[in-house]
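The values are calculated or read from the model by the stated rules, or taken from the named source; none is laboratory data. All figures in this text were calculated on a predicted structure; none of them were measured in a lab. Because the Cβ atoms are built from the backbone with ideal geometry, glycine has one as well, and the counts that use them run over all protein chains shown. Side chains included, ligands, DNA and RNA excluded: accessible areas come from the protein's heavy atoms. Shrake-Rupley method; radii C 1.70, N 1.55, O 1.52, S 1.80 Å.
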Amino acid sequence: MRWWDIAPVLVLEHELFPEDAWSEGMFWSELAHARGPAATRRYVVAEAEGELVGYAGLAAAGGLGDVQTIAVARGQWGTGLGARLLTDLLQHATAFECDEVLLEVRVDNTRAQKLYERFGFEPIGFRRGYYQPGNVDALVMRLTVQATETETETETAPETETGTETDSDGC
């Protein structure tokens, strides 16, 4: 996502989340943290036939990732676009060296909950009245990021010839 995507993102945002849509300033603020060597955000958009049809964002800090938003135009529901957007975010959570990824989802959004469950997210609690002004509760879900095959092999490798164990650095 770049600054020029904000206007079409806002159109989709207001269409899908009319009561609790993010403001233009919120998107600008998130994008300010998405570039450069100290980036802590990942925001992507999806287009079909030149039209923005989805977007997603992830924040990362201290080994923890947080899915900030995922939105897919109604005409794209059931096409796998949400899964592709989430896959991108999770790949970047690994690149950000996150051990866990959290998210909040409306308790009445079972479609999204099923998507997250397919990816291994598990419910861990609720945030009462999280979505305002509608006072809708959020289900909090968590995914423990699995180590890659190479990291797993390194961590379980036998002692080396010098007698020291291989150590893996994580956050």
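Residues in segment 1-143 average 53 Å² of solvent-accessible surface per residue, probe 1.4 Å, ligands and nucleic acids excluded. Protein heavy-atom surface of segment 4-127, 1.4 angstrom probe: 52% of the accessible area is carbon and sulfur, with nucleic acids and ligands not counted. For segment 1-85, the normalised intensity computed at q = 0.11, 0.16, 0.20, 0.26 Å⁻¹ comes to -0.29, -0.61, -0.93, -1.40 (log10 of I(q)/I(0), Debye sum over alpha carbons, equal scatterers, no solvent).
Please give the charge dipole size of segment 1-142, origin at the Cα centre, charges +1 on K and R Cβ atoms and -1 on D and E Cβ atoms. Round to the nearest 20 debye. Walk me through the numbers on the way to the answer.
Details: 13 positive and 20 negative charges, 42 e Å.
Value, rounded to 20: 200 debye.
Counting only Cα atoms, segment 58-142 measures 35, 30, 20 Å along its principal axes, largest extent leading. For segment 39-97, the list of GluC sites (Glu not before Pro) that fall in a loop by DSSP and count at most 10 other C-beta atoms within 10 angstrom reads E49.
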